[in-house]
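Below is one structure, written out as structure tokens; comments come after it.
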Amino acid sequence: MRSAALLENVVQPYAWGSRTAIGILQGREVPTPTPEAELWMGAHPRAPSMVVAGDVRISMIDFIARDPAAVLGAAVTERFGGTLPFLFKVLAAETPLSIQVHPNRSQAGDGFEREDRMGIPRDAPHRNYRDTNHKPEIICAMTDFTALNGFRPASDIAALMRQTASPALAGMAQRFEDGVDPRSVVADLLRADPEWCGRAVTEAVGYAAGGGGDDPVFHWLPVLNASYPNDPGVLCAMLLNLVQLVPGQSMYMGPGRLHAYLQGTGIELMANSDNVLRSGLTVKHRDPDELLRLLSDDFSAPSVIAPEAADDAVRCYATPAEEFELAVIDLVDDRPFNGDAGTSLEILLCTAGAGRLENVGLVVKKGMSVVVPASAGRYCLTGKGRFFRARVPSR
């Protein structure tokens, strides 16, 4: 199979997912019976896509394994050991995800080996490292999208805490006014006495629910507390930059950056990893000591990435990631897009309208995705619609 083929993809039913977003994208009846959080496109062992061409149906993992150089491209095969280095997703958050951080590659490798030596099963709920890879990622908004990303300036955090007039937070506000490293405050929050934490959350949420404060984060404190009552993550929200993306804008997340996605639907592209350390807003396993060890000392403000035009039809989102490149292709009736998958496997997802891959006569409608192996080479896409493209950059 050396030409483009359709993909059948797994929908992950995590509790924070939407009952409408992915269903509407795929043209299914909504609301769906259960939340649908993520649509996975790729070769992750937990949920590989199925490659479908006529009567042939094969998992993406086996599709690649049969001839890695032909499917991935020779250079990609050599660089990444014959495996697809990225995972492509649609993420649909109805309620907030956990506040979390991802390891760098060295930390992931060391942590994975350490937990193997400790005899922790790789599927154990309390395991931190499920693979040896790092997990840089980009999220591109399809709807208005709200996230937390990186620490605010200490003076801003102190001002927010003072605004709440919370006696419990007064000492913490003073520490920020004194210029303390915010990572040390996160450490204290994660290890805080539950009684103190409950009191601090109640006071901060009470202020926010009463209509106090102009900062948009105050809207979110009652929302977060409703889902995770008295959780230290509610207070962590005041420490982090609140970012509000409009459709088409994106944000890159490197290792060590504390972040959370709060609400919205987006296209997510990441290294093919499932390594996550959580600090709050979750019932899943937390390891405060390990999370704090991973936190970066990069306190820079988050940057919102707009796509850069590559040609008349294609706009690319620039990131430093070596595993992936995200682009958006806009088709109009009289302007075909001529692509070339010669150096890397590509996955194309149609999010509006429809297109036709002329080389193979394959019609791709909204909600459908296709894989174009490197051996397919040049292809022509016609129609009227929007496609997101994931591939490995040539650099």
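All of the numbers you see were taken from the coordinates with simple rules; none came from a lab. Every value quoted in this text rests on a predicted model; they were computed, and no experiment measured them. Using ideal geometry, Cβ is built from the backbone for each residue, glycine included, and neighbour counts are taken over all protein chains shown.
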| Positive-end extreme of charge dipole, region 194-281 - chosen from W220, Q244, A204 (charges on Cβ) | Q244
| remark: Simple SL model, points at 7 angstrom along Cα→Cβ for A306 and D214; separation in nm is 2.5 nm
| task | Write down the radius of gyration of region 252-391 and its Dmax, each obtained from C-alpha positions, in Å. | result | 18.4, 57
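Suppose every K and R has +1 on its Cβ and every D and E has -1 on its Cβ; what is the size of the dipole of region 308-391 about the Cα centre, in Debye to the nearest 20?
Working: 10 positive and 12 negative charges, 83 e Å.
Here the size comes out at about 400 debye.
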| remark: Pseudo-spin-label distance D67 to D188, built 7 Å along Cα→Cβ, given in nm, is 6.2 nm
| said: Rounded to the nearest 20 debye, what is the charge dipole size of the chain about its Cα centre when +1 sits on each Lys and Arg Cβ and -1 on each Asp and Glu Cβ? | reply: 680 debye
| task | Specify which residue in the list L357, G367, T319 is farthest towards the positive end of the charge dipole of the chain, using unit charges on the beta carbon of Lys, Arg (+1) and Asp, Glu (-1), about the Cα centre. | result | L357
| task | Please compute P(r) over all alpha-carbon pairs of region 308-391, binned at 10 Å starting from zero, and give each bin as a whole-number percent. | result | 19, 57, 23, 2
| request: Give me the Debye-computed log₁₀ of I(q)/I(0) at q = 0.11 Å⁻¹ for region 150-238, equal point scatterers on Cα only, no solvent, two decimals. | output: -0.25
| request: Kindly list the residues of region 367-395 that lie in the label zone of A75, defined by a backbone N under 17 Å from the point 7 Å along the Cα-to-C-beta vector. | output: 373-378, 390-395
| How do M41, M251 rank when sorted from fewest to most other Cβ atoms within 10 Å of their own Cβ? | M251, M41
| request: Would you work out which of F86, T146, Y129 lies farthest towards the positive end of the dipole of region 1-150, given +1 charges on the beta-carbon of Lys and Arg and -1 on that of Asp and Glu, about the Cα centre? | output: Y129
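If each DSSP helix of 4+ residues adds -39,500 (n - 2.57) and the sum is divided by the residues in the chain, what number results at 222 nm, nearest 500 deg cm²/dmol?
On the way: 12 runs with 106 residues, N = 395.
Roughly -7500 deg cm²/dmol at 222 nm, from the helical runs in the chain.
In what sequence do S59, S300, S98, S250 fall when counting other Cβ within 10 Å, fewest first?
Values: S59 15, S300 10, S98 21, S250 24.
Fewest to most other Cβ atoms nearby, the residues stand as S300, S59, S98, S250.
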| query | Among W196, W16, what is the fewest-to-most ranking by other Cβ atoms within 10 Å? | reply | W196, W16
| query | What distance in nm separates the simple spin-label points at A170 and S106, each placed 7 Å from Cα in the Cβ direction? | reply | 4.4 nm
| said: Of the listed values (i) 33, 24, 22; (ii) 40, 23, 18; (iii) 35, 28, 17, identify the label whose number matches semi-axes √(5λ) of the Cα gyration tensor in Å calculated from this model. | reply: (ii)
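Using unit Cβ charges (K, R positive; D, E negative) and no other charged atoms, how large, in debye to the nearest 20, is the dipole of region 150-238 about its Cα centre?
Details: 6 positive and 11 negative charges, 14 e Å.
Taking the Cα centre of region 150-238 as origin, the dipole is about 60 debye.
Using a Förster distance of 25 angstrom, determine the FRET efficiency expected from the C-beta separation of A15 and E290, and round it to 0.05. Working shown, then result.
Numbers: r = 24 Å, r/R0 = 0.95.
Working from the Cβ atoms, E equals 0.55.
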| note | With a 27 Å threshold on alpha-carbon distance, the violating pairs from K284/K365; K284/K366; K89/K284; K135/K384 are K284/K365; K284/K366; K135/K384
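Please give the net charge around D131, taking every other residue with its beta carbon less than 14 angstrom from that of D131, where Lys and Arg add +1 and Asp and Glu add -1. Present the calculation step by step, with values, prior to reporting the outcome.
Values: positive: R46, R105, R114, R122, R127, R130, K135; negative: D110, E113, E115, D116, D123, D274, E323.
Net local charge, D131 excluded: 0.
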